[in-house]
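Novice: This is the structure I want to talk about, given as structure tokens.
The values are calculated or read from the model by the stated rules, or taken from the named source; none is laboratory data. Computed from a prediction, not measured in an experiment: that's the story for all the values here. Neighbour counts are summed over all protein chains in view; Cβ atoms, including those assigned to glycine, are modelled from backbone coordinates with ideal geometry. Ligands, DNA and RNA are stripped out before the accessible areas are found, and what is left, the full protein with its side chains, is counted by its heavy atoms. Shrake-Rupley method; radii C 1.70, N 1.55, O 1.52, S 1.80 Å.
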Amino acid sequence: MTGTTAVPGPTTESKGPGARADGAAGAPRRRRPLQRARARAGMILVAPAVLYVIVFQLIPVVYGFLLSFTRYSPLQRGAPTFIGLDNYLGLLKDADFLNALWVTLRYTLQVLPFTVAIALVLALLANRPFRGVGLFRTALYIPHIVSLTAVSMIWLWMYSQNGLFNDLLEVIGMGPQRWLNDPETALNGVSVMRIWKALGSNMVLLLAGLQTIPKELYEAASIDGSSRWQQFRYVTLPGLRPMLVYVVAMDIIFLSQSFAEIFVLTSGGPLDSTTTVNYLIYTEAFDYSSMGSASAMAFVLFAFIAGLTLIALRAGRER
């Protein structure tokens, strides 16, 4: 019986490595269209935000910078007139601008320490477990979520001749005060309102910083016999340093741009004693239609804020 012995042909096993290699090489090719689709979807989702930044932030900043080198009023016909650095050089001799710069610096420096120090004390209290701590935190934070204009209107009434503060003085036998009508006290009155307004946000930020400090550090300090003051000085403050620097920097930025409370409470008066740079920019642009000069003031204010912020960051840098 003659028969042929079957010769084993290529089996599945012999084809396996090649097949797997082809599959591995094809996988990236199949993923590329999916990656491109995801990239397109991401660009479509980001496009509105990018467009908003370009149209409403980047272009106005560039246009304002160019405008600061011109003499231009929207009430006059024709294009802006290029005058070089005249607007910036003129600010060095402008008594109103120099006064506004001093008022802005004074306002920032007299509000900043109180907002940070009092907020830190409140954050330390709010970080303790006691009955009603949630209500305590909420009550402190409520002023922050109220519009600054609305808060200013309330304080304007309290500072008025027949307002709350003068009524309290009458109860204790003192005469009424001209809180916002006296150049000596007007800026202080605005400062008190702003301190009260800023406490809530600063307290929450510092409270968040306190809760990131490991409790083991306090336990170790207690075992070593450290007092509460020593724990605060050597554990709390170093651990809270990054958040303190952030709070100080953000307060400098916001306080240096103060406008709403000045506009509502004093309108820059009396005798320009509360005229900040931001309020002066508003009057220069919209009362006197001097857009070139107002733009120059805005960029000087930017440099002023950047300088103060850098000083705060350097002072708070770890050594």
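Novice: Criterion first (open to solvent by less than 60 Å² (accessible area, probe 1.4 Å) and in a helix (DSSP H, G or I)) does Val111 satisfy it?
Specialist: Judged against the criteria, Val111 is a match.
Novice: State the number of residues belonging to segment 79-107 that are open to solvent by 60 Å² or more (accessible area, probe 1.4 Å) and either of a type in the set (A, V, I, L, M) or more than 16 Å from Glu284 (Cβ to Cβ) (or both).
Specialist: The qualifying residues number 10.
Novice: Can you run down the residue pairs with Cβ atoms below 9 Å, 6 or more apart or on separate chains, where the first is in segment 159-177 and open to solvent by 60 Å² or more (accessible area, probe 1.4 Å) and the partner is among the charged types (D, E, K, R) and assigned to a loop (DSSP other than H, G, I, E, B)?
Specialist: Once the first residue is open to solvent by 60 Å² or more (accessible area, probe 1.4 Å) and sits in segment 159-177, its partners that are among the charged types (D, E, K, R) and assigned to a loop (DSSP other than H, G, I, E, B) give Gln161/Arg178.
Novice: Same structure, new question: Residues in segment 308-317 that are open to solvent by less than 40 Å² (accessible area, probe 1.4 Å) and either farther than 22 Å from Leu89 by Cα or at pLDDT 95 or above (or both): how many?
Specialist: 3
Novice: So for segment 262-283 (the condition being among the small types (Gly, Ala, Ser) and in a helix (DSSP H, G or I)), does at least one residue qualify?
Specialist: So far as segment 262-283 goes, no, none of its residues is among the small types (Gly, Ala, Ser) and in a helix (DSSP H, G or I).
Novice: Here is a further query. Can you tell me which residue among Gln231, Gln211 is more than 27 Å from the chain's Cα centre (by Cα), within 24 Å of Ala315 (Cα to Cα) and at pLDDT 90 or above?
Specialist: Gln231
Novice: Follow-up question, since we're still on this one. Of all residues in segment 122-148, which are exposed (fewer than 12 other Cβ atoms within 10 Å of the Cβ) and closer than 29 Å to Thr185 by Cβ?
Specialist: Ala139, Ile142, Ile145, Ser147
Novice: On to the next question. Looking at the structure I just gave you, is Met203 of a type outside the set (Phe, Trp, Tyr) and crowded, with 17+ Cβ neighbours inside 10 Å?
Specialist: yes
Novice: Kindly list the number of the only condition in (1) basic (Lys, Arg); (2) more than 18 Å from Asp251 (Cβ to Cβ); (3) touching a residue at least 40 places away in the same chain (Cβ under 8 Å) that fails for Arg131.
Specialist: Every condition holds for Arg131 apart from (3).
Novice: Which members of segment 218-249 meet the condition of being within 30 Å of Phe302 (Cβ to Cβ) and surrounded by 15 or more Cβ atoms within 10 Å (Cβ to Cβ)?
Specialist: Answer for segment 218-249, where residues must be within 30 Å of Phe302 (Cβ to Cβ) and surrounded by 15 or more Cβ atoms within 10 Å (Cβ to Cβ): Leu240, Met243, Leu244, Val245, Tyr246, Val247, Val248, Ala249.
Novice: A further question follows. Filter segment 206-217 down to residues that are of a type outside the set (Lys, Arg), open to solvent by 60 Å² or more (accessible area, probe 1.4 Å) and part of a helix (DSSP H, G or I), then give me how many there are.
Specialist: Within segment 206-217, residues that are of a type outside the set (Lys, Arg), open to solvent by 60 Å² or more (accessible area, probe 1.4 Å) and part of a helix (DSSP H, G or I) number 2.
Novice: Does Ser258 satisfy being more than 26 Å from Ala303 (Cβ to Cβ), outside any helix (DSSP H, G or I) and in contact with a Phe, Trp or Tyr (Cβ under 8 Å, 6 or more places away or on another chain)?
Specialist: No, not satisfied.
Novice: Separate question: Give me the pairs: first residue in segment 42-69 and in contact (Cβ under 8 Å) with a residue 24 or more places away in the chain, second residue small (Gly, Ala, Ser) and open to solvent by less than 70 Å² (accessible area, probe 1.4 Å), beta-carbon distance under 7 Å, and six or more apart or on different chains, which are they?
Specialist: Between residues of segment 42-69 that are in contact (Cβ under 8 Å) with a residue 24 or more places away in the chain and residues that are small (Gly, Ala, Ser) and open to solvent by less than 70 Å² (accessible area, probe 1.4 Å), the close pairs are Gly64/Ser295; Gly64/Ala298; Leu67/Gly292; Leu67/Ser295; Ser68/Gly292; Ser68/Ser295; Ser68/Ala296; Phe69/Gly84.
Novice: Related question: Here is a check on your reading of the model: is Phe69 open to solvent by 50 Å² or more (accessible area, probe 1.4 Å), at pLDDT 90 or above, among the aromatic types (Phe, Trp, Tyr) and in contact with a strand residue (DSSP E or B) (Cβ under 8 Å, 6 or more places away or on another chain)?
Specialist: Spelling it out, it is not the case that Phe69 is open to solvent by 50 Å² or more (accessible area, probe 1.4 Å), at pLDDT 90 or above, among the aromatic types (Phe, Trp, Tyr) and in contact with a strand residue (DSSP E or B) (Cβ under 8 Å, 6 or more places away or on another chain).
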